[in-house]
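**Student:** My questions all concern the structure below.
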Amino acid sequence: MYRLGVLLSGRGSNFKNILNSIKSGFIKNAEIVVVISNKADANGLNIAKENKIDAYFIDPNGKNREDYDKEVVAKLKDYRVDFVILAGYMRILSSYFIRSFENRILNIHPALLPSFKGLHAQMQALKKGVKFAGATVHFVTEELDDGPIIVQSIVPVFDNDDEESLSARILKTEHKIYPLAVKLLCEDKLLVENGRVKIKNAEVPDENFFITNPLIGGEDGI
Ligand code: GAR
């Protein structure tokens, strides 16, 4: 059984979705053992408590990045965490953190990386006038919003979209791809070779793949 630690800063919908995917049996071989936030009022902490998962606010105030991360890493180690799942964690990780869990940290970003890294990715996409947007789950490396890509989803961008409508459409697909990535991770199916993730024993898609792929979200969501 793999032990997962979740880091979050806010709403916690991705965390909740992963938790539900474990409860439903979609993700096997994993349990969320601890949730940590850098924000005292993060709703994700409440979700953890409601589900009887140990949850901590670790206050970043007055600490430099590495000292703060040392506290977080120590807590994750206390819980013997195997994998760290970043679920809307709005802090840059120090090299100390990344080295402590090398190749064992996952992140979700609301854009088709490597486009639109950083904050307000959905707004950046709108400003560029792209016709498709999406979300990416990737392994975390020392570069911001970089690292080997595990799964992506795509959604159309419509003329009348604003940040809220596009974010909502992307979020629906985040809730599909993050559980899928965690499932593959916990089934030991992810192989990283030369910076590319390959999925062990994945079926080669046929020509209907792009019509039937559930990771492509239309106006009605998926
Ligand atoms: C999600 O849209 C996630 O992709 C984004 O924050 C939101 C968190 O929502 N993460 C980032 O922008 C990280 N760079 P949630 O708290 O409801 O899961």
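Quick grid of which residues meet (1) among the aliphatic types (A, V, I, L, M); (2) assigned to a helix (DSSP H, G or I); (3) away from the ligand (no atom under 14 Å from the Cβ); (4) more than 17 Å from the chain's Cα centre (by Cα):
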{"residue": "A133", "(1), (2), (3), (4)": "yes, no, no, no"}
{"residue": "V151", "(1), (2), (3), (4)": "yes, no, no, no"}
{"residue": "D161", "(1), (2), (3), (4)": "no, no, yes, yes"}
{"residue": "L166", "(1), (2), (3), (4)": "yes, yes, no, yes"}
{"residue": "E174", "(1), (2), (3), (4)": "no, yes, no, no"}
{"residue": "L180", "(1), (2), (3), (4)": "yes, yes, yes, no"}
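**Student:** May I ask you to verify whether I170 is β-branched (V, I, T), open to solvent by less than 30 Å² (accessible area, probe 1.4 Å) and within 13 Å of the ligand (Cβ to nearest atom)? Before you say what the answer is, go through the steps one by one.
**Tutor:** Working: β-branched (V, I, T): yes; open to solvent by less than 30 Å² (accessible area, probe 1.4 Å): yes; within 13 Å of the ligand (Cβ to nearest atom): yes.
Here the answer is yes, as I170 does meet what is asked.
**Student:** Oh, and also: Out of segment 88-113, which residues are hydrophobic (A, V, I, L, M, F, W, C) and under 16 Å from R3 (Cβ atoms)?
**Tutor:** Of all residues in segment 88-113, those hydrophobic (A, V, I, L, M, F, W, C) come to 90, 92-93, 97-98, 101, 105-106, 108, 111-113.
Within segment 88-113, F101, I105, L106 qualify.
**Student:** Please specify each residue of segment 92-112 satisfying the condition of being within 13 Å of the ligand (Cβ to nearest atom), over 17 Å from K176 (Cα atoms) and open to solvent by less than 50 Å² (accessible area, probe 1.4 Å). Give the derivation first.
**Tutor:** Initially, segment 92-112 is screened for residues within 13 Å of the ligand (Cβ to nearest atom), giving 92-93, 105-112.
Now restrict to residues that are over 17 Å from K176 (Cα atoms): 92-93, 105.
Correct list: L93, I105.
**Student:** Given the conditions (1) away from the ligand (no atom under 16 Å from the Cβ); (2) of a type in the set (A, V, I, L, M); (3) in contact (Cβ under 8 Å) with a residue 24 or more places away in the chain, and given that I58 satisfies all but one, which numbered condition is not satisfied?
**Tutor:** That leaves (3) as the condition not met.
**Student:** Would a scan of segment 181-194 turn up a residue that is at positive phi and free of Cβ contacts under 8 Å to residues at least 12 places away in the same chain? Working first, answer last.
**Tutor:** Filtering segment 181-194 down to residues at positive phi leaves 188, 194.
Okay, now just the ones that are also free of Cβ contacts under 8 Å to residues at least 12 places away in the same chain, so 194.
For segment 181-194, residues at positive phi and free of Cβ contacts under 8 Å to residues at least 12 places away in the same chain: present.
**Student:** Got a number for residues in segment 120-131 being within 16 Å of the ligand (Cβ to nearest atom), open to solvent by 20 Å² or more (accessible area, probe 1.4 Å) and in contact (Cβ under 8 Å) with a residue 24 or more places away in the chain?
**Tutor:** Here the count works out to 4.
**Student:** What is the one condition in (1) at pLDDT below 95; (2) more than 29 Å from G5 (Cβ to Cβ); (3) open to solvent by 80 Å² or more (accessible area, probe 1.4 Å) that N208 does not satisfy?
**Tutor:** Among (1) at pLDDT below 95; (2) more than 29 Å from G5 (Cβ to Cβ); (3) open to solvent by 80 Å² or more (accessible area, probe 1.4 Å), the lone unmet condition for N208 is (3).
**Student:** Cβ contacts < 7 Å: first residue without any contact (Cβ under 8 Å) to a residue 40 or more places away in the chain, restricted to segment 1-27; second residue open to solvent by 30 Å² or more (accessible area, probe 1.4 Å) and in a loop (DSSP other than H, G, I, E, B), any location; separation 6+ or different chain. Result?
**Tutor:** M1/N29; L19/N51
**Student:** Restricting the search to segment 8-32, which residues are aliphatic (A, V, I, L, M), crowded, with 22+ Cβ neighbours inside 10 Å and over 13 Å from I53 (Cα atoms)?
**Tutor:** L8, I18, I27
**Student:** Among the candidates I85, I47, I36, single out the residue that is in a helix (DSSP H, G or I), open to solvent by less than 60 Å² (accessible area, probe 1.4 Å) and within 23 Å of A181 (Cα to Cα). It would help to see each step written out before you state the result.
**Tutor:** Working: I85 fails: in a helix (DSSP H, G or I); I36 fails: in a helix (DSSP H, G or I).
Only one candidate passes the filter, namely I47.
The values are calculated or read from the model by the stated rules, or taken from the named source; none is laboratory data. Being a predicted model, the structure only gives us computed values, none of them experimental. For neighbour counting, all protein chains shown are included, and Cβ atoms are generated from backbone atoms with ideal geometry for every residue, glycine included. Accessible surface is based on the protein model in full, side chains and every heavy atom, while ligands, DNA and RNA are left aside. Shrake-Rupley method; radii C 1.70, N 1.55, O 1.52, S 1.80 Å.
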